[in-house]
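In what follows, a single structure is set out as structure tokens and then discussed.
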Amino acid sequence: MATVGVGGDIEDVCARCGDTWHVVMAKLGERIAKVVCKRCGSQHNYRSANGHPSAAAGTTSAARRAPVRRRSSRTTEVVPTAPPFDPSKPPRAYSVNEAFFVGERVLHPSFGTGVVSALPGPGKVEVVFPSGARTLACTKAGSTLERPVLAQHVPIADRPPDAPHTLIPSIRRNDG
């Protein structure tokens, strides 16, 4: 039995708004995979009237399931090592409003104590915690530019000065 094609109308219950009119968004072979609600625009997997994925294509539930792949236990996870730090200095409490330096210890409320390993960009700091490395937000470094000095008691002309003719090269044509 053939199913509705991509872009065709189909009935399905939207979990967000409860409407039943949907448009087929994606198919896997003959099986409808995703639909879009016409009322609220939410996208979700297609469910048949009984709440389970459609078996309209004639496939059994065992044939539809993808085989479970297990990760090999031989893969080793690379745990980043903390850079050298001064253990005599206590860790600073982490705050988005603070700036940190490489080798400084940081105390985070969720991740625990870690060591700053890098500054990947302005407003970012990479910290190595016992659970792994995390990139956190921090204050951007202050600008090294100086503010311009306010010029006081300087007369301002109402028009630009005439440019000296010596600075403007003249173009002469040789008509002869």
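Only one entry in 48, 117, 42, 54 is modelled with pLDDT of 90 or more and surrounded by 10 or more Cβ atoms within 10 Å (Cβ to Cβ), namely 117.
I'd like the residue in the range 137-158 that is among the aliphatic types (A, V, I, L, M) and within 20 Å of residue 95 (Cβ to Cβ) and, out of all such residues, is surrounded by the most Cβ atoms within 10 Å (Cβ to Cβ).
137
Counting only residues that are surrounded by fewer than 18 Cβ atoms within 10 Å (Cβ to Cβ) and either farther than 15 Å from residue 84 by Cα or touching a strand residue (DSSP E or B) at 6+ places or on another chain (Cβ under 6 Å) (or both), how many does the range 97-114 have? Even if it seems obvious, please write down each step before you answer.
In the first step, residues of the range 97-114 are kept if they are surrounded by fewer than 18 Cβ atoms within 10 Å (Cβ to Cβ); the result is 97-99, 101-103, 107-113.
Checking the rest, the ones that are also either farther than 15 Å from residue 84 by Cα or touching a strand residue (DSSP E or B) at 6+ places or on another chain (Cβ under 6 Å) (or both) come to 97-99, 102, 107-113.
Within the range 97-114, residues that are surrounded by fewer than 18 Cβ atoms within 10 Å (Cβ to Cβ) and either farther than 15 Å from residue 84 by Cα or touching a strand residue (DSSP E or B) at 6+ places or on another chain (Cβ under 6 Å) (or both) number 11.
Restricting to the range 5-32, and then to whatever is outside any loop (DSSP other than H, G, I, E, B) and in contact with a Ser or Thr (Cβ under 9 Å, 6 or more places away or on another chain), can you tell me which residue is modelled with the lowest pLDDT? Even if it seems obvious, please write down each step before you answer.
So the first thing to find is which residues in the range 5-32 are outside any loop (DSSP other than H, G, I, E, B), and the list is 9-11, 21-28, 31-32.
From what's left, in contact with a Ser or Thr (Cβ under 9 Å, 6 or more places away or on another chain): 10-11, 24, 27, 31-32.
Numbers: 10: 84, 11: 83, 24: 83, 27: 78, 31: 83, 32: 83.
Out of the qualifying residues, it is 27.
Counting the residues of the range 120-136 that are exposed (fewer than 14 other Cβ atoms within 10 Å of the Cβ) and closer than 11 Å to residue 100 by Cβ gives 1.
Collect the residues in the range 80-103 that are under 26 Å from the mean Cα position of the chain (by Cα) and assigned to a loop (DSSP other than H, G, I, E, B), keeping them in residue-number order. Full working, then the answer.
Residues of the range 80-103 that are under 26 Å from the mean Cα position of the chain (by Cα), as a first pass: 80-82, 93-102.
Hits for the range 80-103 are 80, 81, 82, 94, 95, 96, 97, 98, 99, 100, 101, 102.
The values are calculated or read from the model by the stated rules, or taken from the named source; none is laboratory data. Values in this document were obtained by computation on a predicted structure and should not be read as measured data. All Cβ positions, even for glycine, are placed from backbone atoms using ideal geometry, and neighbour counts span all protein chains on display.
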